[in-house]
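The values are calculated or read from the model by the stated rules, or taken from the named source; none is laboratory data. Since we're looking at a predicted model, the values are computed, not measured. Please note: Cβ atoms are built from the backbone with ideal geometry, for glycine as well, and neighbour counts cover all protein chains shown. Surface areas here come from the heavy atoms of the whole protein model, side chains and all, with no ligands, DNA or RNA. Shrake-Rupley method; radii C 1.70, N 1.55, O 1.52, S 1.80 Å.
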Amino acid sequence: MAHPEQKCRTWRLRAAVRRCALILLVGGQTLIAGNLLLQVLPYHGGTPVEVGIVLLFALLYVWISFGFWMAVYGFVLRLLGGDRHSLINRHSSPEIDAAPLSRTAVVMPIYHEPVRWTLEGLKAVYRDLERSGELDQFDFFILSDSQDPEVWLEEQAAWYRLVTELGAEGRIFYRRRRVNLNFKSGNVADFLRRWGRGYEYMVVLDADSLLAGDTIRKMVRLMNLEPRVGILQSAPTVINGQSAFARIQQFASRLYSPLFATGLAAIQMGDAVFWGHNAIIRVAPFMSHCGLRKLSGFGIWRGPIMSHDFVEAAFLGRAGYEVWLEPTLAHSYEESPPTLDDELARDQRWSKGNLQHAFLMLLAPKLRMAHRLAFLNGIMAYAASPLWLAFLVLTTIAAVQLTLAPIDYFPDGHESLFPLWPEWRPEWAILLVTSTLALLFLPKFLAVADVVLKGELRRYGGGARLLISVFLEIMVSVLLAPIRMLAHSRFVVSALLNLRLGWAAQNRTEEIRWRDALVQHLPGFLVGGGWSLFAMALDPMFFYWSLPVSVPLILAAPTTVWLSRISKGEALGRYHLLQIPDTLTPIPLLEDARKLRERLSVDQELTPLERAIIVPPANRLHRHLARPKARGAKRGSIDAAVEQCVKSGYPTMDKKALSLALEDAQALADLHKCAWNAPVSSFWGARVQAFVERRLNQTVDNTT
């Protein structure tokens, strides 16, 4: 086996060659396209507006060209059987299987998630590991940052039920932070300070993550074979899409991601990024090198880092450790937001976090260039939208000047003795538009070719259905692109103004209501409609040019409502459209998760908070998990909260005061006693009576 230092030099040299080739391809292509645009413009870049148009076009063209060549590279590598120089291909399958396992913590940070749905998914992961008979090296940690008492009380009860059902005492742990500093990264950091030294590795899951037991064990064994690897990132596939929007995202992820992930992994090699979940981390160097200090700049570049994952990968790279993305690690799954509006709500948080990375990209010392470029890539994921919007504004200004203003034969002043004659070359414009569209859409058909070459057509519903699904996905992408552009532009401006963001829970099930959609997308409707009316008044050709952007903005509300409907997603499924292989082949992990979640029912008897106070076993559980009896000034505040809760019930109480009482063991005991002694006419007396009557009825039913 090659020495680790020699292997490091080898992959770095190969990565440098690949990256140089990519830069030459993108740079050469952009120069050709930029020169073509110069020839298309009437004054060939002779006016400030045209200079701005060319510069913005070049930036956007570089962005989409990188994606295009990444997909092409991934297609070629998959055609050749995969990347021979990937991390996993350094070792034979018998060598990986023979490697030992090590102490590993499987951690799931959560914040106001659908509790039972989330923990049933974790149960499926636990069972998948258990099936192998190699569970002894793994512990599970549910790391809660939930602040709503209704949620965290339900979490505690669901955790206890999970442990009891699985017989997992001493193996599945629950911890809730009462003060959730620094969001998810602070949650994980708190876990590491408490328990990190007891584990060699940490597998990080999101609330919607599913990761097969075989995959987890393979990741641990690979880490043991590669001591210089700090993070090994899998490439999750979107699964369990119910709404039309989620099913389209799921289809696109399953069909296109293998090409892009393979190309990205081959370019990044050991300088890959960390996506925050479905990955394994070497704990000791992570604890030593990945502490996230607050940014010391101004505005959004001051305070805690919101998007931590790219930064942690960069810090490990700076410390000499490798970060690898391995697309061939199978059965790694996540879920898509069910609606476009939920995706945009998530993007608003991510955009601010990614823009913070500009500070680190420019000023953090000793970072590897690949990680600085990864920061730039993350920034461009959102900055591309305002750049596109600015490009549209400048082209509108240019159209106005050509239509309303007299021709300027000396746009640079009168220094020149010869006039600059404006020229129109529509055939070159068509060529430029066609080449740009090819960059955007050709990778999708390369993915179809990849499916055909691998003999997987039937698993996607057959050739005709696959093509219909691809065209449907393209149509929806075209409709959603301007909506995302306008939203992301607003997010970037809000971030630069450092407007405060709330940390909201992720919606995973609800559809969009018409009223909400109309309010949400009214600004886009006004912008799209106003721009089209202006373009129509200005010039018919300019009006037609504006339609691909203005029409989606005008139709944003009905589009997002239709896509949010689960019934529409089910209808597409009945016709075997947007079909993916993972829903056809029985995969134990996914089957477990589906069956466990299908059995969930809503218990209308009592809320989690009412159960914690009224039901004796539940009250004992929560008292056991609560803090010991507080004393001093804090005791007075708790007693006042208890008194208010007993007197008027909890719905009108302040959440903080209510949490203060429910976190105290003595207060829980007092509330339980007062509830059972309350008159029937009171808030708690009525609930206790309803609980007793239901239990008596159940007893009678069981007896008869």
Notebook entry, point to check: Within the stretch 553-573, how many residues turn out to be without any contact (Cβ under 8 Å) to a residue 60 or more places away in the chain and under 14 Å from Leu522 (Cβ atoms)?
Noted result: 4
Note to self: Condition (residue is under 20 Å from the mean Cα position of the chain (by Cα), assigned to a helix (DSSP H, G or I) and touching a residue at least 60 places away in the same chain (Cβ under 8 Å)) applied to the stretch 161-183: is it met by at least one residue?
What the structure shows: yes
Check: Taking the condition surrounded by 15 or more Cβ atoms within 10 Å (Cβ to Cβ) and modelled with pLDDT under 90, does Phe683 pass?
Finding: no
Check: Which residue pairs have Cβ atoms closer than 7 Å, lie 6 or more positions apart in sequence or on different chains, and pair a first residue in the stretch 489-500 that is touching a residue at least 40 places away in the same chain (Cβ under 8 Å) and at positive phi with a second residue that is surrounded by 12 or more Cβ atoms within 10 Å (Cβ to Cβ) and assigned to a helix (DSSP H, G or I)?
Finding: Asn498/Gly299; Asn498/Ile300
Notebook entry, point to check: Which residue, of Ala398, Ala381, Ala374, Ala358, is of a type in the set (A, V, I, L, M) and within 21 Å of Phe542 (Cβ to Cβ)?
Noted result: Ala398
Note to self: Just to verify a result, which residue in the stretch 343-362, among those that are in contact (Cβ under 8 Å) with a residue 40 or more places away in the chain and either part of a strand (DSSP E or B) or open to solvent by 30 Å² or more (accessible area, probe 1.4 Å) (or both), is farthest from Asp208 (Cα to Cα)?
What the structure shows: Phe359
Item checked: Leading residue by the ranking (most open to solvent (accessible area, probe 1.4 Å)) among those in the stretch 285-331 that are in contact (Cβ under 8 Å) with a residue 60 or more places away in the chain and within 14 Å of the chain's Cα centre (by Cα) -> Met306
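Taking the condition of being farther than 14 Å from His624 by Cβ, more than 24 Å from the chain's Cα centre (by Cα) and open to solvent by less than 20 Å² (accessible area, probe 1.4 Å), how many residues in the stretch 148-160 meet it?
2
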Margin query: Just the residues that are touching a Lys or Arg at 6+ places or on another chain (Cβ under 6 Å) and surrounded by 23 or more Cβ atoms within 10 Å (Cβ to Cβ), please, taken from the stretch 108-138.
Written below: Pro109
Notebook entry, point to check: Do we find that Leu553 is touching a Pro at 6+ places or on another chain (Cβ under 6 Å) and open to solvent by less than 50 Å² (accessible area, probe 1.4 Å) in this structure?
Noted result: yes
Notebook entry, point to check: Arg103 is checked against (1) at pLDDT below 95; (2) open to solvent by 10 Å² or more (accessible area, probe 1.4 Å) and fails just one. What number does that condition carry?
Noted result: (1)
Next item on the list: For residues that are open to solvent by 30 Å² or more (accessible area, probe 1.4 Å) and either more than 32 Å from the chain's Cα centre (by Cα) or not aliphatic (A, V, I, L, M) (or both), scanning just the stretch 45-68, find the one that is nearest to Gln401 (Cα to Cα).
Entry: Pro48
Note to self: Under 9 Å between Cβ atoms, which residue pairs at least 6 apart in sequence (or on different chains) link something in the stretch 120-147 that is closer than 21 Å to Leu192 by Cβ with a partner that is among the basic types (Lys, Arg) and surrounded by 23 or more Cβ atoms within 10 Å (Cβ to Cβ)?
What the structure shows: none
Notebook entry, point to check: Does Leu25 satisfy the condition of being in contact with a His (Cβ under 7 Å, 6 or more places away or on another chain), surrounded by 16 or more Cβ atoms within 10 Å (Cβ to Cβ) and assigned to a helix (DSSP H, G or I)?
Noted result: no
